[in-house]
Amino acid sequence: MIFGKLRILHSHGRQAIPDLSRVELAERFRGRPELTLTDDMSQVEQAAAICPMGAISVSPFTLDLGRCLFCGECARCAQHNIRFTNDYRMGATRREDLVVRPGQTAVPFFEGAVRADIRRMFSRSLQLREVSAGGDASIEMELGATGNVNFDFGRFGVRFTASPRHADGLVLTGPVTSNMAEALEICYDSIPTPKLLVVCGSEACSGGLFAESRAVDRSFFERHTVDLWLPGAPTHPMTFIEAVTRLRGKASSER
């Protein structure tokens, strides 16, 4: 019986991607946008008007990834000014760096904002507790995919744990609803120090479509410093993997 199972495993071959740093996503994937200034910005004005998130500013011309839903409507409306690339490398250590400007070819990852204790303590092993504070489960599923047979992020020491007391940091998803605010605070306080805080998804970064809702309480961000901001609706597994890898200062390829 065991030999039959071994034969099946052997027939499957090695499914994990050996070097996650060299992953390229399909051209259809909407990742980091590129902005271009033109003499006629009327289409950008139209794109800004239809954006439900208010992510686009005309003067100055910017696009806030922390608000963006990556629906692509703005790119269809202003084809000469906005183009979504398939670049998933969008993690930032500062919230302001999620604001994309014309001519920008990468989302800045400011190394100076990375605390020294993160790389000293968590470069070999990192246990994370994920809290969905009113999320829709889309990002939660993508985070779960980081541990599947293809990405297998766990082989590089990064895993999710059920208990905050066993965790090194917290991954926050969702806009933070009022009925989750206290539970989120309790969970964060239960994680031993030093700890890190990762904010994952447009809803968590800005409140998303629910930012102005009375059911949302984002006072959590007034009391705690975020170590990593990850945009996306939902956030792609490679966006999470690449940013966490850079935060840890650790390679994501097998030696």
From the list LEU172, LEU228, exactly one residue is in contact with a strand residue (DSSP E or B) (Cβ under 6 Å, 6 or more places away or on another chain), within 16 Å of LEU65 (Cα to Cα) and either hydrophobic (A, V, I, L, M, F, W, C) or without any contact (Cβ under 8 Å) to a residue 24 or more places away in the chain (or both). Which is it?
LEU228
When residues of the stretch 41-64 are limited to those that are over 17 Å from GLU96 (Cα atoms) and in contact (Cβ under 8 Å) with a residue 40 or more places away in the chain, the one nearest to the chain's Cα centre (by Cα):
PRO52
Does ARG223 satisfy being more than 20 Å from ASP64 (Cβ to Cβ) and at pLDDT 95 or above?
yes
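Residues checked against (1) closer than 20 Å to SER123 by Cα; (2) over 16 Å from the mean Cα position of the chain (by Cα):
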residue: GLY144; (1), (2): no, no
residue: VAL149; (1), (2): no, yes
residue: ASP152; (1), (2): yes, yes
residue: CYS187; (1), (2): no, yes
residue: GLU203; (1), (2): no, no
residue: VAL216; (1), (2): no, yes
residue: GLU222; (1), (2): no, yes
residue: HIS236; (1), (2): no, no
Return the residues of the stretch 105-129 that are under 16 Å from the mean Cα position of the chain (by Cα), of a type in the set (A, V, I, L, M, F, W, C) and assigned to a strand (DSSP E or B); say none if nothing qualifies.
LEU128
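If only one of PRO234, PRO175 is within 14 Å of GLY91 (Cα to Cα) and either in a loop (DSSP other than H, G, I, E, B) or in contact with a Ser or Thr (Cβ under 7 Å, 6 or more places away or on another chain) (or both), which one is it? Full working, then the answer.
Working: PRO175 fails: within 14 Å of GLY91 (Cα to Cα).
Criteria check complete, one pass: PRO234.
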Among the residues of the stretch 85-96, is any under 16 Å from the mean Cα position of the chain (by Cα) and among the small types (Gly, Ala, Ser)?
yes
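The values are calculated or read from the model by the stated rules, or taken from the named source; none is laboratory data. Treat the numbers as computed from the prediction; the structure is a model and nothing was measured. Glycine also receives a Cβ, built like all others from the backbone with ideal geometry; neighbour counts cover every protein chain displayed.
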